[in-house]
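A.B. asks: Got a structure for you, written out below as structure tokens; questions coming shortly.
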Amino acid sequence: MSVEIAVAGAERVDELEPLWLALHRHHRAVAAAPVVDDDDASWARRRAWYLDMLAGGDDVVLIAQRAGRPVGYTFLHLHHGPDDTWPVGERWGEVVSLSVLPEERGAGVGTALLDAVDRELAARGVTDLQVAVMAGNADALRLYERRGLAPAELVLFRFGGAPDGDEAPA
């Protein structure tokens, strides 16, 4: 049975919860750094962020459905430029999230979602795309590299502590 892609907005955000939690739990399993332990808190924060971005009017949710059941999604955010570092156009897309249910991984759902992203960007005259990959998520990195994306930036975190050898400020 083939996958159909639906273009959606804020009206369908609540349907993304199980898909977001599947991705969040996958991140927890593969990430090189700690992620939020509380699934409810993670979804509440993600949901609020999605709704805030969708209120701007440019962003879109693409939902992969099999027999009417959501099996994956991607959240596409449009940035307005130009950027001060990267040679992107006046607008560029960012795949903020791409999630596929565990039982659907490897069945072409992620590829179908990225094909839909490319169609959506082309319809808007946008050619540049940014995607962040969780450190440790080798399968996702391979998928994006097969589609012509290349590593361009490394993001580092320090969670709640002072630099080694330094005391935390009072």
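Each value in this text was obtained by applying a stated rule to the coordinates, not by laboratory testing. Just so it is clear, the model here is predicted, and its values are computed rather than measured. Virtual Cβ from ideal backbone geometry, glycine too; neighbours counted across all protein chains shown.
A.B. asks: Determine the percent antiparallel among the DSSP beta bridges restricted to the stretch 62-170, to the nearest 5.
C.D. replies: Around 80 percent antiparallel, to the nearest 5.
A.B. asks: Dipole of the stretch 107-170, Cα-centred, from +1 at each Lys and Arg C-beta and -1 at each Asp and Glu C-beta, to the nearest 20 debye?
C.D. replies: Rounded to the nearest 20 debye, it is 340 debye.
A.B. asks: Same structure again: Compute the distance in nm between two label points, each set 7 Å from the Cα along the Cα-to-Cβ direction, one at residue 134 and one at residue 51.
C.D. replies: 2.4
A.B. asks: A follow-up question, please. May I ask for the angle, rounded to the nearest 10°, between helix 17-30 and the longest principal axis of the chain, with both axes built from Cα atoms and the value confined to 0 to 90°?
C.D. replies: In the chain, helix 17-30 runs at an angle near 50 degrees to the longest axis.
A.B. asks: Which whole-Hz ³J(HN,Hα) couplings does the stretch 105-120 yield from phi under the Karplus relation 6.51 cos²θ - 1.76 cosθ + 1.60, θ = phi - 60°, glycine and proline marked x?
C.D. replies: 5, x, 10, x, 5, x, 4, 4, 5, 5, 4, 5, 4, 4, 5, 5
A.B. asks: Hey, what do the phi angles of the stretch 126-133 turn into as Karplus ³J(HN,Hα) couplings, whole Hz, using 6.51/-1.76/1.60 and θ = phi - 60°, x for Gly and Pro?
C.D. replies: 9, 10, 9, 9, 10, 9, 9, 10
A.B. asks: So which GluC sites (Glu not before Pro) in the stretch 114-169 are both in a DSSP loop and have at most 15 other Cβ atoms within 10 Å of their Cβ? Intermediate values should be presented prior to the final figure.
C.D. replies: Details: sites: 120, 145, 153, 167; in loops: 153, 167.
When the GluC sites (Glu not before Pro) of the stretch 114-169 are filtered for loop state and at most 15 Cβ neighbours within 10 Å, 153, 167 remain.
A.B. asks: Under a point spin-label approximation (7 Å from Cα along Cα-to-Cβ), what is the residue 124-residue 85 distance to one decimal in nm?
C.D. replies: My value for the distance between the label points is 2.1 nm.
A.B. asks: So what is the 222 nm mean residue ellipticity for the chain from helices alone, if each DSSP H run of at least 4 adds -39500 (n - 2.57) and you divide by all residues, rounding to the nearest 500 deg cm²/dmol?
C.D. replies: Dividing the helical sum by the residues of the chain leaves -10000 deg cm²/dmol.
A.B. asks: Extension gain residue 111-residue 2, at 0.36 nm per residue separation less the Cα-Cα distance, in nm?
C.D. replies: Working it through step by step, the gained length comes to 38.0 nm.
A.B. asks: Next question. Residues with beta-carbon under 14 Å from that of residue 45, excluding residue 45: net charge, scoring Lys, Arg +1 and Asp, Glu -1?
C.D. replies: -4
A.B. asks: Determine ³J(HN,Hα), in whole Hz, for all residues of the stretch 88-96 in sequence, where each value follows from phi through the Karplus function 6.51 cos²θ - 1.76 cosθ + 1.60 and θ = phi - 60°; x replaces Gly and Pro.
C.D. replies: These are the phi-based 3J(HN,Hα) values: 8, x, 5, 9, 9, x, 9, 7, 6 Hz.
A.B. asks: So if I place +1 on the C-beta of Lys and Arg and -1 on the C-beta of Asp and Glu, and nothing else carries charge, what would the dipole magnitude of the stretch 55-134 be about its Cα centre? I want it in debye, nearest 20.
C.D. replies: About 380 debye.
A.B. asks: Which is farthest toward the positive dipole end of the chain among 23, 135, 157, measuring Cα position about the Cα centre, with Cβ charges +1 (Lys, Arg) and -1 (Asp, Glu)?
C.D. replies: 23
A.B. asks: Could you tell me the largest-minus-smallest coordinate of the C-alpha atoms of the stretch 63-113 on each of the three principal axes, in descending order and whole angstroms?
C.D. replies: 42, 19, 13
A.B. asks: Post the alpha-carbon centroid distance, the stretch 55-89 to the stretch 1-29, in whole angstrom.
C.D. replies: Spelled out, the Cα-based centre of one part sits 13 Å from the other.
A.B. asks: Further, regarding this structure: Quick one: plug the Kirkwood hydrodynamic radius of the stretch 73-170 (C-alpha pairs) into Stokes-Einstein at 20 °C, 1.002 mPa s, and report D in µm²/s.
C.D. replies: Estimated via Stokes-Einstein, D reaches 137 µm²/s.
A.B. asks: Starting from the stretch 7-61, pick out the chymotrypsin sites (Phe, Trp or Tyr not before Pro) whose DSSP state is loop and whose Cβ has at most 14 other Cβ atoms within 10 Å.
C.D. replies: none
A.B. asks: For q = 0.19 Å⁻¹, what log10 I(q)/I(0) does the chain give under the Debye formula with an equal point scatterer on each alpha carbon and no solvent?
C.D. replies: Taking Cα atoms of the chain as identical point scatterers yields -1.41.
A.B. asks: Might you report the magnitude of the Cβ-based charge dipole of the chain about its Cα centre, with Lys and Arg at +1 and Asp and Glu at -1, to the nearest 20 debye?
C.D. replies: 560
A.B. asks: Can you tell me the relative contact order of the chain? Whole percent, Cα pairs under 8 Å, sequence separation 6 or more. Please list the in-between numbers first.
C.D. replies: Numbers: 215 pairs, mean separation 38.1, N = 170.
Across the chain, relative contact order equals 22 percent.
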